[in-house]
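Okay, structure first, notes after.
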Amino acid sequence: MTSPFHLDLHAVRTRQAGTEVFAMFLPGSKILEIAEIARIGPGPNGDIEGFQRPEIKAHVRGIAEYLNRGDVLFPNAVILALVPGVKFTAKRGTKNQYVEQGSDSGVLSIPVRPNRKSAWIVDGQQRALALSQSECGSFPVPVIAFVSGDLSINREQFILVNKAKPLDRRLIDELLPKVGSVLPRDLSARRVPSMLCTILNETPGSPFYQLIKRPSAVSATAVITDTSLTNLIRRSLQDPRGALAVHIGPDGPADLDAMYHVMASFWGAVRDVFSQAWGLPPDRSRLMHAAGMAAMGVLMDQVMTRPSDASNDYNMAYTVLKRIAPHCHWTEGRWDHLGRDWNDIQCVPKDVRSLSNLLVALERDISRQVAA
């Protein structure tokens, strides 16, 4: 029988609970050569086999695009379970007495076999797939590996690694403006909305000054969840007809000053026209509720894209909102056109769509009547 080829790697070895554990760096393209992804699914006898979730293609594609940008930092370790039989040859020589003795260095030899892999991926399958699809096959990826031929142990480690609650999306959004490096596309798209949200919350004179709840700090006056604001900003940026979209070029930097002017003008007018509903908790004012914010964001895109002298943006928005104000019920009464009580509006797609369509239709019809 022909001996299998081996992949030899510099590694550091230690032991945990009697199990050999290795730390090393492996070229990204080599991971799937030695390791397989044990997908969860029914076995021949009806028992569950494997443990890994299905591939998330969009996530894999995003990681690959990030890697293809070139000189990137990617220190996230892939965790492997190695089959028994890998060989570790410790480095010879006297150990430095001043260095912690909990590990030793040497060369780890892993069999490379075409029909039977020598490892299972416990954590990092999306990264491994992205590395195999990227143009960075030689990229050195940190790998932590332990020796185990017991699938139950591999599943146990998979559960322990993945049971932790993912980072709060709001916390990630707040941290994004503080990250100066190149980010994957999905995170880059969230950076500008978060930056603008921060500016609106921290600038005296802004209609949202200290009204926005952020993970790092919540002022006593904060009543708006930051995601309500970042979501409407993101929508306006992604819609070619959005009021903010014109202020971000395909390749150039975002004009945050211009975006702030649009937001401050429109929402300053909202604050002044609906002063009795502004600044109240969402359970007392549907204007400050995620549903009201989203619907008014749609109206903003309709109103603030009309030709106007920038110095007159606030007055234009104020005039438009004053006209539709008698038909709005943010804190009491009933939305007759919707057949819904004021506090019955929820942040669900159907309600947001209905309220958005109503506000847009009211503004359009009343403006036509005034112009006639």
Notebook entry, point to check: What trypsin sites (Lys or Arg not before Pro) does region 215-296 have in DSSP loop regions with at most 13 other beta carbons within 10 Å?
Noted result: Arg241
Checklist line | Efficiency of FRET from Cβ geometry, Lys178 and Lys322, R₀ 41 Å, rounded to 0.05 | finding: 0.55
Next item on the list: May I ask you to compute the full-extension gain from Ser219 to Asp168, defined as 0.36 nm times their residue separation minus their alpha-carbon distance, rounded to one decimal in nm?
Entry: 16.4 nm
Next item on the list: Extending each Cα 7 Å along its Cβ direction at His59 and Glu100, get the distance between those two points in nm, one decimal.
Entry: 3.0
Check: Full extension from Arg340 to Thr14: what is 0.36 nm times the residue separation minus their Cα-Cα distance, to one decimal in nm?
Finding: 110.8 nm
Check: Got the relative contact order for the chain handy, in percent, Cα pairs under 8 Å and 6 or more residues apart?
Finding: 14
Margin query: Taking all protein chains in place and a 1.4 Å probe, what share, in percent, of the accessible surface of the chain do carbon and sulfur account for?
Written below: 53
Notebook entry, point to check: Tell me, how many Å apart are the Cα centres for region 125-147 and for region 244-317?
Noted result: 44
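My understanding is that a pair violates if its Cα-Cα distance is over 32 Å; which of Lys57/Lys117; Lys30/Lys91; Lys30/Lys178; Lys213/Lys322 do that in this structure? Walk me through the intermediate numbers first.
Values: Lys57/Lys117 23 Å; Lys30/Lys91 24 Å; Lys30/Lys178 34 Å; Lys213/Lys322 28 Å.
Long pairs (Cα-Cα over 32 Å): Lys30/Lys178.
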Next item on the list: Please go through region 80-151 and write out the trypsin sites (Lys or Arg not before Pro) that DSSP classes as loop and that have at most 15 other C-beta atoms within 10 Å.
Entry: Lys91, Arg92, Lys95, Arg116
Margin query: Just to be sure I understand the model, the point goes 7 Å from the Cα along the line to the Cβ. What's the resulting Gln276 to Arg241 distance in nm?
Written below: 3.3
Check: Pairing the Cα long axis of helix 57-67 with the longest principal axis of the chain, what angle in degrees results, from 0 to 90 and rounded to the nearest 10?
Finding: 80
Check: Helix 151-162: angle to the longest alpha-carbon principal axis of the chain, degrees 0 to 90, nearest 10?
Finding: 30
Notebook entry, point to check: Looking only at GluC sites (Glu not before Pro) in DSSP loops with at most 11 other Cβ atoms within 10 Å, what is the longest site-free stretch of the chain?
Noted result: 136-372
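If you take the Cα atoms of the chain, find Rg, then find the Kirkwood Rh from the mean of 1/r over all pairs, what is Rg/Rh? The partial results should precede the final answer.
Values: Rg = 28.3 Å, Rh = 24.9 Å.
We get a ratio of 1.14 for the chain.
State in Å² the accessible area per residue of the chain; use a 1.4 Å probe, count heavy atoms of protein chains only, and round to the nearest integer. Don't skip to the answer; put the middle values down first.
Numbers: 20400 Å² over 372 residues.
With all protein chains present, the chain gives 55 Å² per residue.
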Margin query: Order 68-79, 21-32 from most to least packed using the mean count of other Cβ atoms within 10 Å.
Written below: 21-32, 68-79
Item checked: Set of aspartates and glutamates near Lys350 by C-alpha distance (under 17 Å), chain-local residues within fewer than 8 positions excluded -> Asp336, Asp341
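Per the helix-only calculation at 222 nm, which mean residue ellipticity applies to the chain, given -39500 (n - 2.57) for every DSSP H run of n ≥ 4 and division by its residues, nearest 500 deg cm²/dmol? All intermediate terms of the calculation are to be shown ahead of the outcome.
Numbers: 11 runs with 141 residues, N = 372.
Estimated from H runs of four or more residues: -12000 deg cm²/dmol.
Mind running the shape call on region 197-343? Use the C-alpha gyration tensor, a ≥ b ≥ c as the square roots of the eigenvalues: rounded below 1.5 for a/c, prolate if a/b tops b/c, oblate otherwise.
Values: a/c = 1.69, a/b = 1.24, b/c = 1.36.
Here region 197-343 falls in the oblate category.
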Check: Once label points are set 7 Å from the Cα along Cα→Cβ at both Tyr209 and Glu135, what is their separation, rounded to one decimal in nm?
Finding: 4.9
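The values are calculated or read from the model by the stated rules, or taken from the named source; none is laboratory data. Just so it is clear, the model here is predicted, and its values are computed rather than measured. Cβ atoms come from the backbone with ideal geometry, glycine included; neighbour counts cover every protein chain shown. Side chains included, ligands, DNA and RNA excluded: accessible areas come from the protein's heavy atoms. Shrake-Rupley method; radii C 1.70, N 1.55, O 1.52, S 1.80 Å.
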